[in-house]
Amino acid sequence: MAHPNKGKIMTVLGPVEPDAIGITQMHEHMIIDFLAVGLDAQGSHAAAVAGADSVGIDWFEPISLSNYYAVRRNPFLLKEAMQLLDVDLVTAALQDYRKAGGSCVVEVTPIGVGRNPGMLRKMSEATGLHVVMGTGFYVRDFQPPEFATMDEEAIADVILKDIEEGAGSPAVRPGIVGEIGMAWPMHPQEIKALRAAAKAQQRTGLGLSIHPGRDVQAPLEAIRIVEEAGGDPTRTIICHLDRTIFETKDFLSLAKTGCYCEQDLFGWETRHYPLSDIDMPNDAIRVDNIMALADAGHLDQVLVSHDVDSKLRLKPYGGEGYQHIIENVIPVMRRKGLSQADIDRIMIENPRRVLTIS
Ligand SMILES: [Zn+2]
């Protein structure tokens, strides 16, 4: 079925023309709750949860200057860092982003991890920002138990119904499929949910955003599954590449599939990454990865964002906020030789293209 809003971008306040949208963060959270399932069920966060066990910090203590460095290294140390539910706090942070020149936020919290259509709508109204909501399901720990027995068509129907009818009251319609969560190795139930998401992508013309497992092979494997299920790799975003692949050759072989290559952990400058054994790049190295993609002719596939998912990422809690890329990363892009036209492609034109319903 063709989407009734083909050629437009679907925001939480309804469809808009693509050129209504300017600078866009492609992967953020405004409301998210990692405690929607218990800590014991956090298989895909196992490394961080295990790390939290060995540090003598009380999980219930508030975020403070004396535990700040430890919890910034590993947010799983404190309960307070695992939920972003404070609407006033987030609204103020979004206002900073708007003041800095931001126009649109893509809010990819999956169903089951605290997605809150009504709150997204309220925050869009309060800030004047365009907000695009996601749909679909995260890693297996967060999927509904009935997925164990549902087939991929039935899961695709759940996503399609969400896209067609919207969620909440008044109904809020998703404008992107994702972030679809995959662990590594991939669980068969995650493969089923990704195939369902790819079918929903293909049938509606929405873009598809995938959180790949933490392994260098995971991005290409996810693209292979999307293609096999009938989805369009050129309408697919592979997220979190800054914690997944590290060598230029791997960025280039992924870009050759035609997908969007998203580094969305800008602002996470610490070398320590609690969820896998990797050397986390800093923002300057993330920009080097963009330069390598640009040099090989793949600038039109580059997307960036912060993946704000905790209070720790917002200014009142010592964080950088949703405006960090505009304020601090665009100057690095310029210093390393990207032109204003290049920056506009990354920040405006590529987001517009992938968000425009095809
Ligand atoms: Zn995310």
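Here Asp215 and Leu39 are evaluated by their C-beta separation; at R0 = 22 Å the FRET efficiency comes out at 0.40. Over the stretch 1-85, the hull volume per residue, using the convex hull of the C-alpha atoms, is 166 Å³.
Computed over the chain, the percent of Cα pairs more than 28 Å apart is 38. The Cα-based radius of gyration of the stretch 160-233, divided by its Kirkwood radius, gives an Rg/Rh of 1.01.
Modelled spin labels at Ile285 and Leu65, positioned 7 Å past Cα toward Cβ, are 3.0 nm from each other.
In angstrom, the C-alpha Rg and Dmax of the stretch 62-181 are 16.6, 50. Please compare each pair in Lys192/Lys311; Lys6/Lys192; Lys161/Lys199; Lys122/Lys199; Lys122/Lys192 to a cut-off of 22 Å on the Cα-Cα distance and tell me which ones are over it. Table pairs above 22 Å Cα-Cα are Lys192/Lys311; Lys6/Lys192; Lys122/Lys199; Lys122/Lys192. Each principal axis of the Cα cloud of the stretch 201-358 was taken in turn, and the coordinate range along them, longest first, works out to 43, 36, 30 Å.
Membrane-span-like helices in the chain (whole DSSP H runs, Cα extent of at least 20 Å along the helix axis, mean Kyte-Doolittle hydropathy of at least -0.5): none found. Highest GNM mean-square fluctuation, the chain, Cα pairs closer than 10 Å: which of Leu94, Leu252, Leu65? Maximum among the listed residues: Leu65. Across Thr135, Thr91, Thr244, mean-square fluctuation computed from a Gaussian network of the chain (C-alpha pairs under 10 Å connected) peaks at Thr91.
GNM on the chain, C-alpha springs below 10 Å: top fluctuator among Gly56, Gly43, Gly181? Highest fluctuation of the listed residues: Gly56. For the chain, the fraction of 1.4 Å probe accessible surface lying on carbon and sulfur atoms is 52 percent.
Protein heavy-atom accessible surface, 1.4 Å probe, per residue over the chain: 37 Å².
The values are calculated or read from the model by the stated rules, or taken from the named source; none is laboratory data. Not measured: the values here are computed from a predicted model. Glycine also receives a Cβ, built like all others from the backbone with ideal geometry; neighbour counts cover every protein chain displayed. Just so you know, the surface numbers come from the protein's heavy atoms only, side chains and all, with ligands and any DNA or RNA stripped out. Shrake-Rupley method; radii C 1.70, N 1.55, O 1.52, S 1.80 Å.
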